[in-house]
1. Of all residues in the range 43-64, how many are surrounded by fewer than 19 Cβ atoms within 10 Å (Cβ to Cβ), in contact (Cβ under 8 Å) with a residue 24 or more places away in the chain and closer than 20 Å to Ile2 by Cβ?
2. What single numbered condition from (1) farther than 19 Å from Val93 by Cβ; (2) of a type outside the set (Ser, Thr, Tyr); (3) open to solvent by 90 Å² or more (accessible area, probe 1.4 Å); (4) at pLDDT 95 or above fails to hold for His30?
3. Here's a check for you: in the range 65-98, which residue that is open to solvent by less than 80 Å² (accessible area, probe 1.4 Å) and among the small types (Gly, Ala, Ser) is farthest from Ile7 (Cα to Cα)?
4. Tell me which strands (runs of 3 or more DSSP E) are completely within the range 1-84 and hold 3 or more residues being within 14 Å of Leu96 (Cβ to Cβ), or say none if there are none.
Amino acid sequence: MIGQCGITTQEFNNEQVPEIGFLLAFDYWHHGYDNEVATALKEYDLNILRYKHLNSIIRDNNIVSQNVALRNGMKPFGTKTVFYRGATMPQIVYRLCR
C-alpha cells in the first residue's frame, strides 16, 4: 500500500464540503501519483457523485499539493485555519465548480 485517497467531507465556513484528499507514503512522493489520484477523483465526482463543487484544502506551505490542485482546474477560493496539536496551520481552500 502506498497511501490513501478519496473524497471526504471537511468543514469550511460552517458547512461540510466535499474534498479531494490523499496521503502518500514518503517513498512515493514526486512520482506523479498525486496528479493521477486528483484527476481520477475529479472525474469520479464529475461522472458519478456530481457535487455542486469540489474542494482541496491544503496547508499554505504545501506548494506541491497546491500545484496539483491548480493543474486539476481548481482555483483558490478561501482560507481557513486549523489548530492541531497546539500548532496553528493556515490552509488555502481550492475549489472546482460544476
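1. The qualifying residues number 2.
2. His30 satisfies all of (1) farther than 19 Å from Val93 by Cβ; (2) of a type outside the set (Ser, Thr, Tyr); (3) open to solvent by 90 Å² or more (accessible area, probe 1.4 Å); (4) at pLDDT 95 or above except (4).
3. Initial filter on the range 65-98 (open to solvent by less than 80 Å² (accessible area, probe 1.4 Å)): 65-69, 72-74, 78, 80-82, 87, 89-96.
Filter again for among the small types (Gly, Ala, Ser), leaving 65, 69, 73, 78, 87.
Working: Ser65: 15, Ala69: 14, Gly73: 16, Gly78: 19, Ala87: 25 Å.
Checking each candidate, the answer is Ala87.
4. Values: elements: 3-12, 15-24, 53-59, 75-84.
Output list reads 15-24, 53-59, 75-84.
The values are calculated or read from the model by the stated rules, or taken from the named source; none is laboratory data. Everything quoted here is computed from the prediction, not taken from an experiment. In this analysis, Cβ positions are derived from the backbone assuming ideal geometry, glycine residues included, and neighbour counts consider all displayed protein chains. Just the protein is used for accessible areas: all its heavy atoms, side chains included, with ligands, DNA and RNA removed. Shrake-Rupley method; radii C 1.70, N 1.55, O 1.52, S 1.80 Å.
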